[in-house]
Amino acid sequence: MKTRLLLAAAVGLGLALNGWAAFVYEGQWGFRGTGNGEFEAPTGIAVAPNGNVYVADTGNNRVQYFTRAGSFLGKWGAFGPGNGQFNAPFGIAVAANGTVYVTEYNNNRVQYFTPNGSFLGKWGTYGTGDGELKGPRGIAVAPNGNVYVADRLNWRVQFFTPTGSFVGKFGLHNYSGEPAYVGIAANGTVYVSDDWFNQIEYFSAEGSFLGKWGRPGTYNGQFDYPWGVDVAPNGNVFVVDIFNFRVQYFTSTGEFLGKWGRSIGSGNGQFDTPSDIALTPDGTRVYVADRYNYRIQYFRDTEYAVAPTSLGRVKALFR
């Protein structure tokens, strides 16, 4: 009887014996609009080393950035092909030195900026050659500073030096599928979401295929259009599962660990076509670009998720 009461109490606290409720809703900001802190289909999100949150505000053709709790700090960008202008900014990433990288789906390029938005440089033009891009989407910065870009309509990932010199490229496994977003682990392993085949593929830093997981469906470990992917300091991989309206997370080799989110909605912890995900440097907070709710939601690690055999940890909470 005591065990049953402890289990019920754990569920009531949002704990999960299988780890499913490890991340709980903490807060949100944003509405649909053009004002400061308002969004039009935000599609990319990244967290800087200092904790500031950068958002690719795609429909407004700009970047906005905020404190970790969502207070507006600044913005830059306008529609156009010029330096510091955008045509559908899509992916966004922040390097260890604070440099902000942004892909543009329609301008077929990458631009990079200081943390407050001063233009530093750009690379890319429409094409299929090395360093050329067709519909780039996700972007991520590796521990060594190299920048990886999901070159979607060329069915490949390209990677570059921090200033845009071409380093290498690789296609998805058997060169099938279309890369959507990229996440990179602390050891340099590159994770790529393939929304066409509803799977995650992972590679060495040089592009050697290491493995994959996922297939179409609604069960744990299955996807309905995976997009944003990010990697925690401990190696766990977090994936936005768009049309299942949820986030799933896994070990570094794809073993299912947990999920949150439920049917489409606008309530706390619900999503409408979530697009991208970003973790704080310590991995304790997760931000999600909730695209068609026109907002950012964030979640925290409860630190209370326990394994099925760890009932003792639940008991300890009630001593």
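For the reader, a short list of remarks on this structure follows.
- Contour excess over end-to-end distance, with Cα ends at F79 and I264 and 0.36 nm allotted per residue: 63.5 nm
- Over the chain: Rg over Rh, Cα atoms, Kirkwood Rh: 0.98
- Cβ charges +1 (Lys, Arg) and -1 (Asp, Glu), total dipole of region 61-161, debye: 220
- Electrostatic tally near K75: other residues with Cβ closer than 10 Å to its Cβ, Lys and Arg +1, Asp and Glu -1, net 0.
- Between F79, P136, Y148, the Cα set farthest toward the positive side of the dipole of region 60-166 (charges on each charged residue's Cβ, about the Cα centre) is that of F79.
- Distance from the C-alpha centroid of region 104-138 to that of region 166-219: 20 Å, rounded to the whole angstrom.
- Amide H contacts for F23 (H built 1.01 Å from N in the peptide plane; partners 5 or more residues away or on another chain; cut-off under 5 Å): T302.
- Separation of the T251 and Y292 label points, Cα + 7 Å toward Cβ, nm: 3.6
- Using θ = phi - 60° in the Karplus curve 6.51 cos²θ - 1.76 cosθ + 1.60, the 3J(HN,Hα) couplings for region 184-192 round to 10, 7, 4, 8, x, 4, 9, 10, 10 Hz; x is entered for Gly and Pro.
- Fluctuation leader among P49, P136, P226 - the chain, Gaussian network, Cα springs under 10 angstrom: P49
- For region 77-197, the solvent-accessible area with a 1.4 angstrom probe is 37 square angstrom per residue.
- Area accessible to solvent at I277, 1.4 Å probe radius, in Å²: 0
- Convex hull (Cα only) mean projected area of region 164-312, reported in nm² to one decimal: 10.0
- Here's the picture: a label point sits 7 Å out from the Cα of Y225 along the beta-carbon direction, and within region 41-83 the residues with their amide nitrogen under 18 Å of it are 41-45, 58-59.
- Relative to the current alpha-carbon distance between R32 and N144, full extension at 0.36 nm per residue lengthens the span by 36.6 nm.
- Accessible surface of region 164-273, 1.4 Å probe, proportion on carbon and sulfur as whole %: 49
- A convex hull fitted to the Cα coordinates of region 91-220 yields 110 cubic angstrom per residue.
- Charge dipole magnitude, Cβ of K and R +1, D and E -1 - the chain, Cα centre, debye nearest 20: 780
- Once exposed loop GluC sites (Glu not before Pro) are cut out (DSSP; at most 14 other Cβ, 10 Å), longest piece of the chain: 1-205
- Taking the C-alpha atoms only, the angle from helix 2-12 to the longest principal axis of the chain is near 30 degrees.
The values are calculated or read from the model by the stated rules, or taken from the named source; none is laboratory data. Every value quoted in this text rests on a predicted model; they were computed, and no experiment measured them. Cβ atoms come from the backbone with ideal geometry, glycine included; neighbour counts cover every protein chain shown. The area values use the complete protein model at the heavy-atom level, side chains included, leaving out ligands, DNA and RNA. Shrake-Rupley method; radii C 1.70, N 1.55, O 1.52, S 1.80 Å.
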